[in-house]
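J.: Got a structure here, written out as structure tokens. Questions coming.
The values are calculated or read from the model by the stated rules, or taken from the named source; none is laboratory data. Values in this document were obtained by computation on a predicted structure and should not be read as measured data. Note: ideal-geometry Cβ built from the backbone for every residue, glycine included; neighbour counts use all protein chains shown.
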Amino acid sequence: MEKQPTMAVLTEIKDKNEQARFGSIHRFCEELEQYGSERGLFVYVTSPSLYLQRLGYQRSNGAWSKQDVPPANVIYNRLHSRSSEHSPAFAELLTRLAEEGGVMFNRRFLHKWEVHGYIERHRHLRPYLPKTSLWNDPGELEAFLSAFPAVFLKPIHGSQGRGILRLERQNGGIGLRRSTAAASATIDQPIDVFVSALWQQTTAPMIIQQGLELRSLDSRPVDFRFLCHRTRHNAWRVTSAVARAASPDQFVANLARGGELLAVNAVLQEWYPKSVAFQQKQLLKEIALEAAAALALEADGMYGELGIDLAVDIHDHPWIIEVNSKPSKHVEMVPAAKTIRPSAKAIVNYSLTLIEEKE
Amino acid sequence: MTYTLVIDEQTTGTVVLPASLPLAGQTMAAFGSLFVPCRIVSSASLTNEAVIAHDVARRLRIPFAAEVHVFLTDEAVHFGPLVGIFTAGFTTSPNRPVGTRSLFFAKLLAQQKQVGGFAFLFGAPHIDWNNGMVNGYFYTERGWERHLVPLPTAVYNRLPNRRIENAQPFHTITETLQTRYGIPVFNGHFFNKADIYRRLSTHPQVKPYLPATAAHITAKTIEQFLHRYAEAYIKPADGSLGRGIYHLAKKSGAYECRFREEHGDVKTLTFPTAMAVWHHLLAAAPLHRCVIQQAIPLLTVRGRPVDFRVHTNKDGQNAWQVSAMAAKIAGKESLTTHIRSGGTVKTLEEIFPDPGERQALISRLCDAALTLSRCLEETLDAFIGEIGFDFGIDRDGNVWMFEANSKPGRSIFHHPKLKEADEQTVRLPLAYAIHLSKTAITAPEALWP
């Protein structure tokens, strides 16, 4: 008998008193399993070390239990810590997978600086990329501060809006806001003194990015998250799109920083007449798809799911803000019980496509 | 070679060129269809810069400084080329001027930087015939921009479909640009299968690549084809993408007809006579717009038939090049290997791991593609910049041409390993436009014999 097509979700697992929990994607794994069984795809959840022992969590009668599992044809990498991807177990898993003829998608976290580099190789996307540099010399920040009214410093490995600094020239000094603090501070220092002090304090690698005058709702900056999935023949499609407005005391719209989830159409129609809103939405969607395809083409390894963050400035120009290779599942409008999110279906379908193309 | 155009805000009425350019008393600068009298001088201190006074640049309507080619005639120094990409379906959105195709054209226009000169997108409403100007869409590092420029030096026809192309206003526009203004228009027309076949079949060199094809389908032609070849296809003469294709076979005296239903399932019907098949088809398909074609027993990989997509382009030297190549493996239940119907795109490296076998196939496919490109160009009285071929290889290793498309789709080249090839197919039409521009400016008699 032919072996049943099999997909493993790779993630961090907590197992207390025989109750396995898969963190923020627990519910999502149930949807994957449910839709997978409808489509004839066997889905189990595992971690790098469990996989090496041929163990995984299988669902039956609504409960997950640890079982012996067959090798996976496809592994969907949802490890949420970068260090898990650098563990010896992960490296061993990759070797094992290659020997068994399986494939992994969403090979690893992509950091902000490489993402910028990959997309920039596609010339036609450059108008939508804010000017960005790796901060490897204090002078570079001064140059940005004199070129742009506002500048962002972002940790290249940061996520969920953590550790972002917004700098602004203010009559001789610098206005400084941190994404983790509610208030802004004004620092009365010459720019070069301030910059070299900041450089001394900074340990994590950062990118410098041109600040943008984003369109806002009630003075709360807005961004858009397009969740994109790969289909057949290297094509991509948008499975969900939401707008996020920053919390009133924040400059980043991430939900983890108190951002509010809104419908894309509602936001765009607040800004534009209907026909313009339509064009803008299509354009955002098309840019998201091009950016996803560009990244998948340039980055090593395979990618089947990407979260593309976009924003629109006050001149109505769209911008690619960042790309997340382990996009949060909370941006999809919360599903009613027993329903399956489009992204879960997309992951199952893509896995089946990979298996079929491998034949 | 290209020169960096420098717009000089200090001087007026002058163009300064590197001494390496052989000047011969030219008295004008030109850009597209515009000429402006000015002083043209040489400077030994310039190597790859061309300095143009701001008033001359403004009067020539040069939209911005760029890397340019310089073409010399007896009278004028031309900066260019100025390539117009002609299409239809414009929206009112400045950020999305041609709807869903906007980023596709952005990608095409962004390649202009690689080859030098200017390229812009325009449609019928943007031409001001009275003043010989076009309000074109340029794609710069800032995104889409409008600039009023002279008529272009070459036009790349990218009308989206056959229906629009045949509509009178569009036909007249490309015709007028070419005949009245001497602006070469390339990729003027979608090919018609029957017409292509008729033209090519008179060429002894390419005849062996052509499966037997007939245009007027009667019960008798069906009978003849199935008698001679056992299997045949009926397909729309002007369609592509594998839609509306019927597969016919004669099996133990009965006539079998397979086709894909609208919702995607493959259906098989059996008929006792060729006449019965014909009657069925007459009701189901626009037979007067179809051709019947000999089916070729295709090379298979792991039991599945494979066909090949080979893309050729004219390059900057006016020579045909094979710019991209991919294989398509049929899905489990496929009528043809058109990827819409569920086949898989692979590189030749992926399906022919043996380098000797692969090289032999590649060289056969290249020979066929280049020979056919040259012959097609010869038989058609038009400038053709690119052709997409669908080829099959039979079990004896012979190459067969199933289709030649003058406006081939490109989704097949989204395969990660075909990235370079994909870029080539976007860049080469612009390179060819440079050749056409240069020839139209410096040696028009070579273009219009």
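J.: If you take the residues in region B:1-41 that are of a type in the set (Gly, Ala, Ser) and more than 20 Å from residue B:67 (Cβ to Cβ), which one is surrounded by the most Cβ atoms within 10 Å (Cβ to Cβ)?
T.: From region B:1-41, those of a type in the set (Gly, Ala, Ser) are B:13, B:19-20, B:24-25, B:29-30, B:32-33; that's our starting set.
Then drop every residue that is not more than 20 Å from residue B:67 (Cβ to Cβ), which leaves B:13, B:24-25, B:33.
Values: B:13: 13, B:24: 9, B:25: 7, B:33: 18.
It comes out as B:33.
J.: Tell me which strands (runs of 3 or more DSSP E) are completely within region B:50-169 and hold 2 or more residues being within 14 Å of chain A (Cβ to nearest Cβ) and of a type outside the set (Val, Ile, Thr), or say none if there are none.
T.: So the answer is B:118-122, B:133-140, B:143-150.
J.: Checking the structure you have, find out if any residue of region B:236-250 is over 33 Å from the mean Cα position of the chain (by Cα), within 26 Å of residue B:331 (Cβ to Cβ) and part of a strand (DSSP E or B).
T.: yes
J.: Which ranges mark the strands (runs of 3 or more DSSP E) fully within region A:186-282 that have 2 or more residues being farther than 26 Å from residue A:162 by Cβ and within 14 Å of chain B (Cβ to nearest Cβ)?
T.: Qualifying strands (runs of 3 or more DSSP E): A:236-245.
J.: Return the residues of region B:223-235 that are under 15 Å from residue B:280 (Cα atoms) and assigned to a helix (DSSP H, G or I); say none if nothing qualifies.
T.: Answer for region B:223-235, where residues must be under 15 Å from residue B:280 (Cα atoms) and assigned to a helix (DSSP H, G or I): just B:223.
J.: Do you know which of the residues in region A:112-152 that are out of contact with any Gly (no Cβ under 9 Å at 6 or more places or on another chain) and part of a loop (DSSP other than H, G, I, E, B) is nearest to the other protein chains (Cβ to nearest Cβ)?
T.: A:122
J.: Still on this structure, please answer the following. If we scan region B:38-56, do we find a residue that is in contact (Cβ under 8 Å) with a residue 60 or more places away in the chain, closer than 27 Å to residue B:112 by Cα and outside the structural domain of residue B:143 (by TED's automatic domain parsing)?
T.: Pass one, region B:38-56, residues in contact (Cβ under 8 Å) with a residue 60 or more places away in the chain: none.
Checking region B:38-56: not a single residue is in contact (Cβ under 8 Å) with a residue 60 or more places away in the chain, closer than 27 Å to residue B:112 by Cα and outside the structural domain of residue B:143 (by TED's automatic domain parsing).
J.: Report yes if residue B:220 is in a helix (DSSP H, G or I), more than 23 Å from residue B:327 (Cα to Cα) and among the basic types (Lys, Arg), otherwise no.
T.: When the stated conditions are applied, residue B:220 passes them.
J.: Then there is this: Read through the list (1) within 30 Å of residue A:139 (Cβ to Cβ); (2) under 18 Å from the mean Cα position of the chain (by Cα); (3) not charged (D, E, K, R), then give the number of the only condition that residue A:243 fails.
T.: (1)
J.: Can you tell me how many residues in region A:304-328 are crowded, with 22+ Cβ neighbours inside 10 Å, within 14 Å of chain B (Cβ to nearest Cβ) and not hydrophobic (A, V, I, L, M, F, W, C)?
T.: Going through region A:304-328 one residue at a time, the tally reaches 1.
J.: Quickly run through region B:224-253 and pick out the residues that are in contact with a strand residue (DSSP E or B) (Cβ under 9 Å, 6 or more places away or on another chain) and of a type in the set (Asp, Glu).
T.: Residue satisfying the conditions is B:231 alone.
J.: Any residue at all in region B:184-204 that is surrounded by fewer than 16 Cβ atoms within 10 Å (Cβ to Cβ), of a type outside the set (Val, Ile, Thr) and in a helix (DSSP H, G or I)?
T.: First pass over region B:184-204, keeping only residues surrounded by fewer than 16 Cβ atoms within 10 Å (Cβ to Cβ): B:195, B:198, B:201-202, B:204.
Imposing the further condition that a residue be of a type outside the set (Val, Ile, Thr) reduces the set to B:195, B:198, B:201, B:204.
Filter once more, so that each one left must be in a helix (DSSP H, G or I): B:195, B:198.
Within region B:184-204, one or more residues are surrounded by fewer than 16 Cβ atoms within 10 Å (Cβ to Cβ), of a type outside the set (Val, Ile, Thr) and in a helix (DSSP H, G or I).
J.: Taking region B:398-440, which residues are touching a residue at least 12 places away in the same chain (Cβ under 8 Å), within 14 Å of chain A (Cβ to nearest Cβ), over 21 Å from residue B:376 (Cα atoms) and of a type in the set (Lys, Arg)?
T.: B:417, B:427 - these are the residues of region B:398-440 that are touching a residue at least 12 places away in the same chain (Cβ under 8 Å), within 14 Å of chain A (Cβ to nearest Cβ), over 21 Å from residue B:376 (Cα atoms) and of a type in the set (Lys, Arg).
J.: If you go through region A:73-91 one residue at a time, do you hit one that is among the basic types (Lys, Arg), touching a Phe, Trp or Tyr at 6+ places or on another chain (Cβ under 9 Å), within 20 Å of residue A:305 (Cα to Cα) and crowded, with 20+ Cβ neighbours inside 10 Å?
T.: yes
This table checks each residue for (1) outside the structural domain of residue A:310 (by TED's automatic domain parsing); (2) surrounded by fewer than 16 Cβ atoms within 10 Å (Cβ to Cβ).
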residue	(1), (2)
A:116	no, no
A:119	no, no
A:122	no, no
A:142	yes, no
A:149	yes, yes
A:162	yes, no
A:165	yes, no
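J.: Given the criteria outside any strand (DSSP E or B), under 16 Å from the mean Cα position of the chain (by Cα) and either free of Cβ contacts under 8 Å to residues at least 40 places away in the same chain or more than 10 Å from every other protein chain (Cβ to nearest Cβ) (or both), does residue A:296 qualify?
T.: no
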